[in-house]
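The values are calculated or read from the model by the stated rules, or taken from the named source; none is laboratory data. Just so we're clear, the structure is a prediction, and the values are computed from it rather than from any experiment. Because the Cβ atoms are built from the backbone with ideal geometry, glycine has one as well, and the counts that use them run over all protein chains shown.
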Amino acid sequence: MTATRKLAAGNWKMNGTAASLVEIEKLLETHPEPGCEMLICPPATLIAQTAWRCRDKHLKIGGQDCHWESAGAHTGDISAAMLADAGASYVILGHSERRSDHGETDIEVAVKTRAAWGAGLAAVVCVGETERQRDLGTTLVVVGGQLDTSLPEGCTAGNLVVAYEPVWAIGTGRTPTLAEIAEVHDFIRAALERRFGAEGAGVRILYGGSVKPSNAAEIFAVSNVDGALVGGASLKAADFGAIVDALSAA
């Protein structure tokens, strides 16, 4: 890792209403100056409200997806420029749930990543294998292919974060062994360095997959784990704050 701060990112997915913003207030109260970078990606309906509450605070706000076009006849979609206008500074792209629920391809993720950069957003690009792919022993082949095609040229430590999320561990309570996490994170780091050189060495690699307060510290001790992409545990300030504390201490 370079001097770039480690990152605790929370993905609220399709959860949260205005009443949920009390959790943001609690997080800001308990972690006014965290020892790592904090990011929350609420549903699009809450981005502007959340960003307003976080102005001048140590909590970044992000979107959960964006369209590859800046504007146009795309009913129900949201552009990267709209996310930035609402106060976002990051956007999650290529999450396994987008890939499975909406059939997103690696090529589409790459195009969306370029759109995010064009709007001034940093992209959190997700990669990871299914349970079947893990059982077949093709994890590194799958992840390597996703990295090759999902990441456009021009990636830097400032505009890209990579999140490794074993699909079979998301929301299941299951996690890979520490050795399995290390194998994939080391593989991703080597791939980034080969392709992007010094910038690839500084890109933060997050682990995502049932991260919770009880296992965060041991995961953060694994090589090339620079933070976490947290799902359900990010919905409560107490749980996410404990993960932030573990990362700050790592």
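Structure summary
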item	result
Every pair of residues 6+ apart whose Cβ atoms lie under 7 Å, when the first sits in the range 216-243 and is closer than 30 Å to residue 190 by Cα while the second is buried (at least 22 other Cβ atoms within 10 Å of the Cβ) and of a type in the set (Asp, Glu)	229/165
Enumeration of residues in the range 49-99 that are of a type in the set (Ser, Thr, Tyr) and without any contact (Cβ under 8 Å) to a residue 24 or more places away in the chain	75
Selection count, the range 50-79, where residues are out of contact with any strand residue (DSSP E or B) (no Cβ under 7 Å at 6 or more places or on another chain) and surrounded by fewer than 17 Cβ atoms within 10 Å (Cβ to Cβ)	9
Those residues of the range 165-174 which are on the phi > 0 side of the Ramachandran plot and either acidic (Asp, Glu) or not in a loop (DSSP other than H, G, I, E, B) (or both), in sequence order	none
The range 29-47 residues that are of a type outside the set (Phe, Trp, Tyr), paired with ones that are surrounded by fewer than 20 Cβ atoms within 10 Å (Cβ to Cβ) and in a strand (DSSP E or B) (beta carbon under 8 Å, 6 or more apart)	37/60; 38/60; 39/60; 40/60
Residues located in the range 98-115, provided they are in a helix (DSSP H, G or I), of a type in the set (Val, Ile, Thr) and out of contact with any strand residue (DSSP E or B) (no Cβ under 9 Å at 6 or more places or on another chain)	107, 111
Residue list for the range 124-164, filter: part of a loop (DSSP other than H, G, I, E, B) and either farther than 19 Å from residue 200 by Cα or modelled with pLDDT under 95 (or both)	129, 130, 136, 137, 138
Residues of the range 76-130 that turn out to be within 18 Å of residue 208 (Cα to Cα) and touching a Pro at 6+ places or on another chain (Cβ under 8 Å), as a count	2
Which listed residue is under 18 Å from the mean Cα position of the chain (by Cα) and under 18 Å from residue 127 (Cα atoms), from 231, 241	231
Close pairs (8 angstrom Cβ cut-off, 6 or more residues apart or separate chains): in contact (Cβ under 8 Å) with a residue 12 or more places away in the chain in the range 15-26, buried (at least 16 other Cβ atoms within 10 Å of the Cβ) and of a type in the set (Ser, Thr, Tyr) anywhere	21/50; 24/50
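Residue by residue, here is whether (1) charged (D, E, K, R); (2) under 20 Å from residue 41 (Cα atoms); (3) buried (at least 17 other Cβ atoms within 10 Å of the Cβ) holds:
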site	(1), (2), (3)
88	no, yes, yes
99	yes, yes, yes
121	no, yes, yes
151	no, no, yes
